[in-house]
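Right, one structure below, let's go through it.
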Amino acid sequence: MRKVWIVGTAALAGAVGFVLLLVVGVFVIAGNLMNGVGGAGKALAKGAVPAAYQTLVQKWGNLCPALNPALLAAQLYQESGFNPNAKSPAKAEGIAQFIPGTWATHGIDGDGDGDRDVWDPNDAIPSAASYDCTLAGYVKDVPGNATHNMLAAYNAGAYAVIKYKGVPPYKETQNYVRTITTLEDSFAAPVNRVDPSRQAAGAIYFAQKKLGTPYLWGGNGTADQGGRFDCSGLTKAAYESVGIVLPRVANDQYNAGPHPKREELLPGDLVFFSDDLTNSRAIRHVGIYVGGGYMIDAPRTGAVIRFDPIDTPDYFGATRVTEDGAKALPTTV
């Protein structure tokens, strides 16, 4: 739910016409806009890490060459969703999900206060980075990508990486490496423009067909709900219509791909809104950008799915949804 902004009838009609033209042409011109796409940068994307942990992740993410802040952020998100009180059925504890035996050996006093507390992110985040880099040291002579080997050692043990001379042929380990390195793009501030989504036009087409539908809190568009949606239910259904499965809530949808700047937005990008512009976990609203400074969104109880402007004080940022990015998102955070 978010504040209401009134859009005049004339502006709305103009926006609809503009959107139709823009959606038709977006993939014709996108290639010209995306000159020289490169790899993601290592600086953290705006607000991707909660402000309370930003300095820690930035500092300790540079502990060794195989690690970087975006990669460390991706690990923490995958492990706990940045929840310092997380506890798994396997007795993994804290924001970095250390099991007691590993913590006893590799936990460090990151803040220098005289204790090692797995529940304290000031200890647990430095310990996660330190453990990663220790593993990187164990497998430093193994051929291949040093970061991939480090992550594989984290999942399967250094011995397996050494034995197989790289990422071992275990499906779980290969998926773990792929997941973390894909999520890294969601936490890194891109240094170049990012590729447009092939599915964007289809997602917009779906959302346009829902214009005028009444909002329903928790709505997924099912028949028993009268085909109604809330904000993240609409974006989830729109991308599901083109084969991309997003998480249900807006703050997890933010991690489904890289984050274009405001001036780089393309139709189909998800746009997000929050009262806390330093923390993606506080995001409370999402819409689908359609061009011209407008989005399609399901705004609030009592309203209908409609066009709204995005340039408001609570605009948080945007995500260019990718199929790989959506697949990499954990389902338990």
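The values are calculated or read from the model by the stated rules, or taken from the named source; none is laboratory data. All figures in this text were calculated on a predicted structure; none of them were measured in a lab. Neighbour counts run over all protein chains shown; Cβ positions are idealised from the backbone, glycine included. Each accessible area value is taken on the protein alone, full model and side chains, heavy atoms only, with ligands, DNA and RNA left out. Shrake-Rupley method; radii C 1.70, N 1.55, O 1.52, S 1.80 Å.
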Which of [x] 87, 44, 36; [y] 65, 39, 35; [z] 60, 41, 38 gives Cα extents along the principal axes in Å as computed here? It is [y]
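Report the charge-dipole magnitude of the range 88-195 in Debye, nearest 20, computed about the Cα centre from +1 at each Lys and Arg Cβ and -1 at each Asp and Glu Cβ.
Magnitude of the dipole: close to 760 debye.
Arranged from highest to lowest average of other beta-carbon atoms within 10 Å per residue, in what order do the peptides 96-107, 293-304 appear?
Numbers: 96-107: 17.1, 293-304: 19.8.
Descending mean neighbour count gives 293-304, 96-107.
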To the nearest Å², the heavy-atom accessible area per residue of the chain with 1.4 Å probe amounts to 43
The simple spin-label model distance between Arg300 and Tyr164, using points 7 Å out along Cα→Cβ, in nm, is 5.3
Of 309-315, 179-185, ordering from highest average Cβ density within 10 Å down gives 179-185, 309-315
Of every Cα-Cα pair in the range 53-187, the percentage lying beyond 19 Å is 46
Quick tally, 1.4 Å probe accessible area for Glu323, Glu172, Glu93, sorted with the most first, runs Glu172, Glu323, Glu93
With a Förster distance of 35 angstrom and the Cβ-Cβ distance between Lys209 and Lys327, calculated FRET efficiency to the nearest 0.05 equals 0.85
Charge dipole of the range 219-333 built from unit charges on the beta carbon (Lys, Arg +1; Asp, Glu -1), centred at mean Cα; most positive-end Cα among Ala237, His285, Ile310 is Ala237
The cysteines in the chain that find no other cysteine Cβ closer than 4.7 Å to their own Cβ are Cys231
